[in-house]
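For reference, the structure is listed below as structure tokens.
None of the figures in this text is laboratory data; all of them are computed from the coordinates on show. All values derive from a computational prediction rather than experimental measurement. Note that we place each Cβ from the backbone using ideal geometry, even for glycine, and neighbour counts take in every protein chain shown.
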There are 2 protein chains.
Amino acid sequence: MTERILVLGGDGYLGWPTAMHLSARGARVGVVDNMSKRAWEREMGVQPLIAIPSLAKRIAAWQEVCGRSIELFEGDLTDTDFVHATLGSFRPDTIVHYGEQPSAPYSMIDVHHAAFTQSNNVVGTLNVLFAMRDLLPDSHLVKLGTMGEYGTPDIDIEEGYLTVDHNGRRHTFLYPKTPGSMYHLSKVHDSHNMHFATRVWGLRATDLNQGVVYGIETEHTALDPRLATSFHYDEVFGTALNRFCVQAVAGEPITVYGRGGQTRGYLNIRDTLACVALAVDNPAERGEMRVFNQFTETFTVRELAERVRDAAAQLGIEATVVHAENPRFEAEEHYYNPRHSGLLELGLQPHLLSQELIDTMLQRIVQHRDRIRREALVMNVRWTPKPAAGAPVGS
Amino acid sequence: MTERILVLGGDGYLGWPTAMHLSARGARVGVVDNMSKRAWEREMGVQPLIAIPSLAKRIAAWQEVCGRSIELFEGDLTDTDFVHATLGSFRPDTIVHYGEQPSAPYSMIDVHHAAFTQSNNVVGTLNVLFAMRDLLPDSHLVKLGTMGEYGTPDIDIEEGYLTVDHNGRRHTFLYPKTPGSMYHLSKVHDSHNMHFATRVWGLRATDLNQGVVYGIETEHTALDPRLATSFHYDEVFGTALNRFCVQAVAGEPITVYGRGGQTRGYLNIRDTLACVALAVDNPAERGEMRVFNQFTETFTVRELAERVRDAAAQLGIEATVVHAENPRFEAEEHYYNPRHSGLLELGLQPHLLSQELIDTMLQRIVQHRDRIRREALVMNVRWTPKPAAGAPVGS
């Protein structure tokens, strides 16, 4: 029987290429989205670099280009009845869950955006877990988390769990998390809820603590302009390397927050698809919450910026790297040694970051340079708001 | 200047006696409640053992009996504007936060109750943290958590933090939590959010991981029948010892879940008030999330049940202890060694559980025995629902 995979958040930067990738491999794929990312873009006044047709049009284009159908379920994951009905009718073997508010800066705008991000993400995931329990207890949840859940502890970051020897006894815990934003906190909350659902209800789940994804193109987005993915370069939805490439092309300085020693895990968007497919093909056991740290390389922000500058120079684009005031609260120099062997052991073949890759990204961005809106590059969402002029300090 | 203390959840089992206790000590006290606990009681068809006047009437009775006023702010903590306005007008030095859905069984009824519990508790606390940041950054949050956040790990439970030596390096983490219900998970989410607010915004917070509270009377509830607190004995809102005492008086068997080796920390309601007052009098530093494990003794559930049976026998009440199927998912025999030195070091003088105390509780319950509703003693909320008859197993 054909494998059924439901991709939650199928309209997103990663959800859409994942849906095509899994469809091309032969699965029957459904996508769920409420198109709220597009609403958040309008709210913030930003747009993806490449104009993106509606999800229904992309699905029609996919059918036309590849002869494969993808089913669309339009609705909100915080709507319990919708989630129950969708899982009940599609009956997925695997649920790939990208369907959350994905931006740390968006979650830090104010109390409303913080509360929305946490309740939206947590309640959506709870609805999925309960529907799995009640309808599809043997199905497998592949949930996207983030390496940002861990923060930057002074010891090695293990892959999901930490065995602690203490006063002559030993226990293995979920690895303790020290996340850096209201968004990252929402993913920590999700991980605890998923862990409960595996421990108590015996569900299967894989928690993918993903690094920062870069890249503009996958095997299938390249087939037709209508299949492009929503590449963001703005400060709210754009990730570091993507934003730096656009800054270089736009002739703007590449802005590194603070000293730029912040080290993070990174991966190519093509590797995201490969990792998710490996997790789908090798499901967790019943009662297991399996955790993978999903990235292929670590870089400091400063290193990334310099690589982009150097690649741009070879294309005749002169870019400068500047150190801007850090709007986030984070250590700018720190120990960082996260494990990431689980997906390699399953067979991941990484696409490492190369000069050539940056060149290709820059060239693709040059093709769309007329759509770059400079004001989106720096939007000034601050982790700790500056007090208003004249406001009292202290209480 | 008179100290100002705002008690969130001031209509509850602990909130109301805490408000009176702090008011009697001389603070200017405000209470916040949206009376939703009373709505949840109606929903579940349960009532406190002692009929409780409205919060406004209790406040008027307190004024009459003790000559001290308490200010009432009626509203919902999930209403951002209400929280902002209330903190802005009352300007508390300390916020004592009991204002959450407090029942594990209630949170496990179904997906709606789980999602409600988590979003209600998490969003309410976020609103408080943001309002503190923006209006009262020097104020001190004293937040009620629960020992149930920790679960029952195989190593000692430290007081909030765990220092881990790993591969030759050392880091101190928030103690990793393995909570046992959707309610307990909501408190874990709160703790992570509070930790963020202290780390990033420099707020002051004390997280009280409280054990199971028992008792029916405090110094001030005893002053006047109108000042009584909402003592619950039903399976959803009643805690273990309280429920066992009511079962004995009602001539019902004392129901121990499973083998009854579940060990938990317990404390007298009078000690809850003393602990909260100690936390108020000794605020956390700016940027500190201080954690106390708030209980005075540990017992197995079996021990508690036997103590109640023996005390009842001396009052001529013959009670039996029965082992009922455990509706929860929890280890029934396990290691349990939680620290609880922080509050003792601040001067806590515990009221330990004695035969005499159980006698007094039983006698007070006998006075109200005509209000006991037997059907509330066993309500059958299960952590893992039984499949409906004829339902397929697996997907």
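Inter-chain Cβ neighbour count for A:77-88, averaged per residue, equals 1 (cutoff 10 Å, partner chain atoms only). Equivalent ellipsoid of region A:128-178: semi-axes from √(5λ) of the C-alpha gyration tensor, largest first, are 29, 17, 8 Å.
Measuring max minus min along each principal axis, the C-alpha atoms of region B:306-370 give extents of 41, 34, 21 Å (largest first).
As a rough footprinting exposure proxy, the listed residues A:112, A:189 were ranked by other beta carbons within 10 Å of their own, and the order from fewest upward is A:112, A:189. Simple point charges give the picture: +1 on the Cβ of Lys and Arg, -1 on the Cβ of Asp and Glu, and for region A:17-101 a dipole about the Cα centre of about 400 debye. Rg of the Cα atoms in region B:258-326, relative to 2.2 N^0.38 Å, amounts to 1.60.
About the Cα centre, and with charges only on the beta carbon of Lys, Arg (+1) and Asp, Glu (-1), how big is the dipole of the protein assembly as shown? Nearest 20 debye, please.
540 debye
Kirkwood Rh over alpha-carbon pairs of region B:264-395, then Stokes-Einstein at 4 °C and 1.567 mPa s: what D in µm² s⁻¹, rounded to an integer? Translational D for this selection: 69 µm²/s. Remark on region B:239-292: hydrodynamic radius 14.4 angstrom, per the Kirkwood mean of 1/r across alpha carbon pairs. Taking other C-beta atoms within 10 Å as the exposure proxy, B:232, B:351, A:195 rank B:351, A:195, B:232 from fewest upward.
Annotation for region B:292-370: GluC sites (Glu not before Pro) lying in DSSP loop with at most 13 further Cβ atoms inside 10 Å of their Cβ are B:318, B:325, B:333.
Among the residues of A:256-268, the average count of other protein chain beta-carbon atoms within 10 Å of the residue beta-carbon is 0. The same position residue B:324 in the other copies lies at 6.0 nm from this copy, comparing label points 7 Å beyond Cα toward the beta-carbon, shortest first.
Peptide A:133-140 has a mean of 3 when you count, residue by residue, the C-beta atoms of other protein chains within 10 Å of its C-beta. Peptide packing: for B:18-25, B:81-88, the average count of neighbouring Cβ atoms within 10 Å per residue gives the ranking B:18-25, B:81-88, highest mean first. Structure remark: mean-square fluctuation, Gaussian network model of chain A, C-alpha springs under 10 Å; the largest value among A:315, A:203, A:357 belongs to A:315. Each of the peptides B:41-47, B:263-269 was scored by the mean count of other Cβ atoms within 10 Å over its residues; in descending order, highest first, they stand as B:263-269, B:41-47. Rg then Dmax, both in Å and based on the Cα atoms of region B:116-246: 17.9, 61.
Using R0 = 41 Å, the C-beta based FRET efficiency linking residue B:156 and residue A:335 works out to 0.95. Rg/Rh for region B:1-134 stands at 0.98; both radii use Cα atoms, and Rh follows the Kirkwood definition. Beyond 29 Å in Cα-Cα separation lie the following of the pairs A:386/B:37; A:57/A:177; A:143/A:386; A:386/B:143; B:143/B:386: A:386/B:37; A:57/A:177; A:143/A:386; B:143/B:386. Restricting attention to the protein assembly as shown, close to 20% of DSSP beta bridges with both partner residues there are antiparallel. Sorted from shortest to longest, the distances between the residue B:259 label points of this copy and the other copies are 5.4 nm, with each point 7 Å from Cα along the line through the beta carbon. The calculated 222 nm mean residue ellipticity attributable to helices in chain B amounts to -11500 deg cm²/dmol, summing -39500 (n - 2.57) over DSSP H runs of n ≥ 4 and dividing by all residues. Taking only the C-alpha atoms of the protein assembly as shown, Rg followed by Dmax gives 27.7, 96 Å. Over every Cα atom in region B:180-274, the radius of gyration and the widest Cα-Cα span, Dmax, amount to 17.1, 54 Å.
The modelled label-to-label distance for the pair residue A:282/residue A:135, using points 7 Å beyond Cα in the direction of Cβ, is 3.0 nm. The length gained by stretching the chain between residue B:35 and residue B:63 to full extension, at 0.36 nm per residue less their Cα-Cα distance, is 8.0 nm. Placing a label point 7 Å from Cα along the Cα-to-Cβ axis, residue B:345 is separated from the same position in the other copies by 4.0 nm, shortest listed first.
Packing here is the average count of other Cβ atoms within 10 Å per residue, and on that basis the peptides A:276-285, B:247-256, A:4-13, highest first, run A:4-13, B:247-256, A:276-285. Figure legend: label point modelled 7 angstrom from the Cα of residue B:356 along Cα→Cβ; residues of region B:201-241 with amide N under 20 Å from it are B:214-223. Hydrophobic, long helices, defined as DSSP H runs whose alpha-carbon span along the helix axis is 27 Å or greater and whose mean Kyte-Doolittle value is at least -0.5, occur in chain B at B:111-135.
In square nanometres, what is one fourth of the surface area of the convex hull spanned by the alpha carbons of chain B? So the Cα hull casts an average projection of 21.1 nm².
Sorted largest first, the principal axis extents computed over the alpha-carbon atoms of region A:40-106 equal 37, 34, 17 Å.
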